[in-house]
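For reference, the structure is listed below as structure tokens.
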């Protein structure tokens, strides 16, 4: 858990040391604690990266050392995905609960509307970020959207994207390029962005905009959101092969804190 959050807020965090699942960091935080941390980051003003860790992240990080470094050195590594929740319990170091990317974006929008923070929506297919921003503005009156732009995670596009973001001057940057591209993009540009909070949010814009259906609440409560995604997005089956590999490796591993 970042020391900055603990120092700048009155929230009592459950632990000062994160859990490591197969060498990949996950912070044991609640959604309320994450909001307190975001507020602390914005107050501090220096750039911070937030990552949302799910089993696919953990498995990708086994063969991508740079991705693992980015996760492990981030300002916050949030538990996303029922597999991460299961693994933390299996290892005897349970995290308080899941913080799915879509729910995170919703809470950030509510917080921003209340506190006057400015959000920038970057990524997804053309028009999707605009629609997601429109939905959230209607849902949270007073929300200030500093900008929206599809762009791309290609290095040759970075200068133009950075220029847009600098002009918009957001407090929170949401990046939807998918992992690990979005997280590597943020890490590569973090010090040039001059944005206090930068978060990779995967497909969250699509779900909020309604261009991709989210699993019904009852399926999410059962931890079967992955099954809904496989049914509605069958092209994901290759990516989901990581799930049994993740489960097997966790079963064979030991809990690790540093």
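Observations
- Flag if residue 109 is within 15 Å of the chain's Cα centre (by Cα) and not in a loop (DSSP other than H, G, I, E, B): yes
- Restricting 51, 58 to residues that are modelled with pLDDT of 95 or more, part of a helix (DSSP H, G or I) and surrounded by 21 or more Cβ atoms within 10 Å (Cβ to Cβ) narrows the list to 58.
- Of the criteria (1) in contact (Cβ under 8 Å) with a residue 40 or more places away in the chain; (2) surrounded by fewer than 18 Cβ atoms within 10 Å (Cβ to Cβ); (3) under 30 Å from residue 191 (Cβ atoms), which one residue 90 fails: (3)
- Residue in segment 62-74 that is more than 24 Å from residue 176 (Cβ to Cβ), in contact with a helix residue (DSSP H, G or I) (Cβ under 6 Å, 6 or more places away or on another chain) and at pLDDT 95 or above present: no
- If the condition is being under 25 Å from residue 36 (Cα atoms), surrounded by fewer than 20 Cβ atoms within 10 Å (Cβ to Cβ) and in contact with a strand residue (DSSP E or B) (Cβ under 6 Å, 6 or more places away or on another chain), then segment 157-199 contributes 168, 190.
- Any chance residue 227 is more than 15 Å from residue 101 (Cβ to Cβ), in a helix (DSSP H, G or I) and at pLDDT below 95: yes
- Candidate set: segment 166-183, residues that are assigned to a helix (DSSP H, G or I) and out of contact with any helix residue (DSSP H, G or I) (no Cβ under 6 Å at 6 or more places or on another chain); chosen: the one nearest to residue 111 (Cα to Cα): 168
- Test result for residue 46, surrounded by fewer than 20 Cβ atoms within 10 Å (Cβ to Cβ), at pLDDT 95 or above and in contact with a strand residue (DSSP E or B) (Cβ under 9 Å, 6 or more places away or on another chain): no
- Candidate set from segment 1-43 (those that are in contact with a helix residue (DSSP H, G or I) (Cβ under 6 Å, 6 or more places away or on another chain), farther than 30 Å from residue 251 by Cα and at pLDDT 95 or above); member that is surrounded by the fewest Cβ atoms within 10 Å (Cβ to Cβ): 35
- Restricting segment 104-116 to residues that are farther than 13 Å from residue 52 by Cβ and touching a helix residue (DSSP H, G or I) at 6+ places or on another chain (Cβ under 6 Å), the residue that is surrounded by the fewest Cβ atoms within 10 Å (Cβ to Cβ): 111
- The one condition in (1) farther than 30 Å from residue 166 by Cβ; (2) in contact with a strand residue (DSSP E or B) (Cβ under 9 Å, 6 or more places away or on another chain); (3) buried (at least 18 other Cβ atoms within 10 Å of the Cβ); (4) at pLDDT below 95 that residue 101 fails to fulfil: (1)
- Scanning segment 22-36 for residues that are within 23 Å of residue 188 (Cα to Cα) and either touching a strand residue (DSSP E or B) at 6+ places or on another chain (Cβ under 6 Å) or assigned to a loop (DSSP other than H, G, I, E, B) (or both) gives 23, 25, 26, 27.
- Test: residue 190 is within 28 Å of residue 62 (Cα to Cα), in a helix (DSSP H, G or I) and within 16 Å of the chain's Cα centre (by Cα): yes
The values are calculated or read from the model by the stated rules, or taken from the named source; none is laboratory data. None of these values were measured; they are calculated from a predicted model. Positions of Cβ are backbone-derived with ideal geometry, glycine not excepted, and every protein chain shown enters the neighbour counts.
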